[in-house]
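A.B. asks: Here's a structure for you.
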Amino acid sequence: MQILGLVVLIQFIISFIFYPIKKYRSTKYKKKLMAGSSVNNLKSIRMLTEEERKSVESYLSITCDQSSGKKKSSLVSREVMLISGECIKQTEFSHSENTYSYKIHNIDVVFPFKMDRYLSDYNEVEIALTQNFAIAVKLNDHKIGSALYATYLADEKNEKQSSVYWLSGASKFSKGENLDENIKHTVSPHPKLSEKLGYEILSVRKETSQESASRNKLNRGILTAFFCFFVVSYFNRFWDTKELNDLFWFGVNFLAAIYFYFRKPKSKTKVQFINQVRGKINKKIVKSNEIKIGHDLILKYPKNWQSFIPENSTFDVDLDVDIDSKKIVRYGYDMSVSKEVEQFGPPKFWGRNLWLFLFGMFYLYAVNYQAKVSDNFSFVYHQFNHDSKRWFFDDASKLVTSNIKSGDVVKLNFLDVSLTCEVSVKNKADRCIQALIHSATTDTSFHLANSTRYFVLHGINEKISSQSGESVVPQSDKNFHTDHIVVTMSGFVSNVDYDTNHTISTLTINTQELYQKDISENLLPICLNLLLFLLLASVTIFNGIMFLLKLIQNRLRNNRIKKLYANGII
C-alpha cells in the first residue's frame, strides 16, 4: 500500500508540474493556427477518445515516413474544437504526398485517410491541434476511425491486386518449358490496373547467366556454425568421459557441419524471373537504396548506382526487376548488372566468411580451454621421441636444481612448506592458479602454476581457519598464505622458467589425469584434439583472409563501375 501511495503521489507531482507547460504549448499553437483567421476563439467541446488519438497518431506516423527529411508533427493537446463553414481546397499537397490541406476561416485543416470525400458546401468539422496544422477527427458525422478502417481495407485490396499483377507474368512459364534466357513472355495490358498502381509490366523473362552470377547462392554458414557447436561440445565431453557414445555424436555432428559448409540452398539456386517494368520514379530513399515506382511499388537498386538514380522522374523509366527480391538489375539503357558482370566479374560475397571467422575464433578458444593444444602437441612429440622422463620430488631444493624439461611428467609431495596463492580463483578459497612454494627447511622457493585451470588445494580452508582462529569466507580475487602445509600433486610439465642463477623459478604443469598415463591409453582424444584444432584453425584463417580479400576486391570493382557509368552517362 505504501508503494502504491508513493506512485500516486509521484504521478500527481509530475502532473502538477507539467500541466502549465502543456497548457502553454496548447495556447501557443492555437494562436499560431488562428493568426489571420476570422474566428475569434476556439473553445474545447470535448476530449479526444482513445480511438481518435490512435488514429491521429497513425496518420502522423505515416506522413512522417512518406515525407523524408520532415520532422514528425505531434498532438499538442487532447482537446477537440468545433469549426464550421466552407472548406477551400489548397492547390498543392501540404503535409503528405497523399493528402490535400484545406482552409476553413483561414485555418489550415488536414482531412486524413481521404475524409475530404465527405465534404459538402457547408461543413461541421471537429479538429485537434498538432504543431503544424489542425487535423479533422470528425467531418459531418463521419469519424476518423471509420475512415482509417476504410483506408485499411482499400490498401489491403490494392496490395492483393498489386501482388497478383506482379506475379502474373512468371506463371506463363510452364514447368516443362525449356527456360531459355532469350525467351520473353509479353504480359497482357491492364490499362485500368496500371493506371491505378502507377506502373505497367511489359514482359517477363528468365534471368541471364550474368544476373544469376550476381546473386549470392551460398548459405550464410549458420547451420555449419550450429553443428560446430555440438562438435565442440561433444569433443569436450569425450575428453572428460572417454565414452564411445560421446565420440559417436561427435562424429555425426562433424559430418553434418562439413555437409552444410558446402551445401547450396535450393531456394538460392532455383531459376529467377525478371519483370520489365515501366513507370515514373516518385521518390528515392537514399538510406535504404530504394526507389518508389508508381503509388506503392518499392524497388531496391545496387548501392554503386546511388549517384546515378534521380530523386524522381517526369517521364517513364524502363526497369528490369527480379520478381522475388524486387531488386533492379537494369535501369534504362545505361546501367545493368549484366554489363557489370561481363566487364568486371561478379561481386564477392563476404558475409558468410565473416560469420564463419567469428564463430571459428570462439570455437578455437573453447577447444583450447578444455584441452590445451600446445600441451597435447608437446606430450605427443616427447612420447613418440621417447625422451619424456618421470620425476618424483619431496624436496623443493632438488626440484629447482634438476634438469626437468617440458614434456616430462612430475609428481610433487612436499610435507612441510608454506604456500602463498598469487593468482586465486574468484569466490574459491581452496583453488589457486599460481602459487609461491617456500621450504623453510632448505630455504628454497619457486613458483608453481597450472597451464589449464587451477589447483585444488585439499584442506586449505581448514588449515587457514586453524591458523587465523576464525572461519574462512571465500572472497573474489583474494590472495591467501598458509604455513606448514602438505602439497601433493602430479602432472605434465608444460613450461619451465629459470632465474639468473640457472635454477627453476617457475614450474608450469598440466594436472589433467590424462597426461599421467601411458599415451596408448589416451592417444585417440589427444589426436582428436590436435586434428579438430588444426581443422578449425585452417577454416577460421581461410575465412578471415577471404573476408578481407573480398572487401578489397569489391571496393576496387565498385570504383571501376562508378567510373564506367560516370563516363557513359556524361
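A.B. asks: Pick out, from region 227-334, the strands (runs of 3 or more DSSP E) lying fully within it that include 2 or more residues that are within 28 Å of the chain's Cα centre (by Cα).
C.D. replies: Working: elements: 273-279, 281-285, 290-293, 297-300, 317-322, 328-331.
It comes to 281-285, 290-293, 297-300, 317-322, 328-331.
A.B. asks: Consider Lys411 against the criteria (1) of a type in the set (Lys, Arg); (2) in contact with a strand residue (DSSP E or B) (Cβ under 6 Å, 6 or more places away or on another chain); (3) under 30 Å from Val232 (Cα atoms): it satisfies all of them except one. Which criterion is unmet?
C.D. replies: (3)
A.B. asks: Are there any pairs with C-beta distances below 6 angstrom linking a residue in region 483-495 that is assigned to a strand (DSSP E or B) to a residue that is of a type in the set (D, E, K, R) and open to solvent by less than 30 Å² (accessible area, probe 1.4 Å), with the two at least 6 apart or on different chains, and if so which?
C.D. replies: Between residues of region 483-495 that are assigned to a strand (DSSP E or B) and residues that are of a type in the set (D, E, K, R) and open to solvent by less than 30 Å² (accessible area, probe 1.4 Å), the close pairs are Val493/Asp408; Ser494/Asp375.
A.B. asks: Identify, please: which residue in region 165-219 is part of a helix (DSSP H, G or I) and among the charged types (D, E, K, R) and is, among those, modelled with the lowest pLDDT? It would help to see each step written out before you state the result.
C.D. replies: Looking only at region 165-219, we keep the residues that are part of a helix (DSSP H, G or I), and these are 165-167, 170-172, 191-197, 209-213.
Among the residues that remain, those that are also among the charged types (D, E, K, R) are: 172, 192, 195-196, 211.
On the way: Lys172: 63, Lys192: 80, Glu195: 81, Lys196: 80, Glu211: 85.
By that ranking, first place goes to Lys172.
A.B. asks: Moving on to the next point. State yes or no: is Thr224 of a type in the set (Ser, Thr, Tyr), surrounded by 16 or more Cβ atoms within 10 Å (Cβ to Cβ), at pLDDT 85 or above and farther than 28 Å from Arg278 by Cα?
C.D. replies: When the stated conditions are applied, Thr224 passes them.
A.B. asks: Can you find a residue in region 507-514 that is modelled with pLDDT under 85 and open to solvent by 70 Å² or more (accessible area, probe 1.4 Å)?
C.D. replies: The answer is yes, given that some residue of region 507-514 is modelled with pLDDT under 85 and open to solvent by 70 Å² or more (accessible area, probe 1.4 Å).
A.B. asks: Quick one: Ile328 ticks every box in (1) closer than 19 Å to Val187 by Cα; (2) touching a residue at least 40 places away in the same chain (Cβ under 8 Å) bar one, so which box is it?
C.D. replies: The single condition Ile328 does not satisfy is (2).
The values are calculated or read from the model by the stated rules, or taken from the named source; none is laboratory data. All of these numbers come straight from a predicted model, not from anything done at the bench. Glycine gets a Cβ as well: all are built from the backbone with ideal geometry, and neighbour counts include every protein chain shown. The area values use the complete protein model at the heavy-atom level, side chains included, leaving out ligands, DNA and RNA. Shrake-Rupley method; radii C 1.70, N 1.55, O 1.52, S 1.80 Å.
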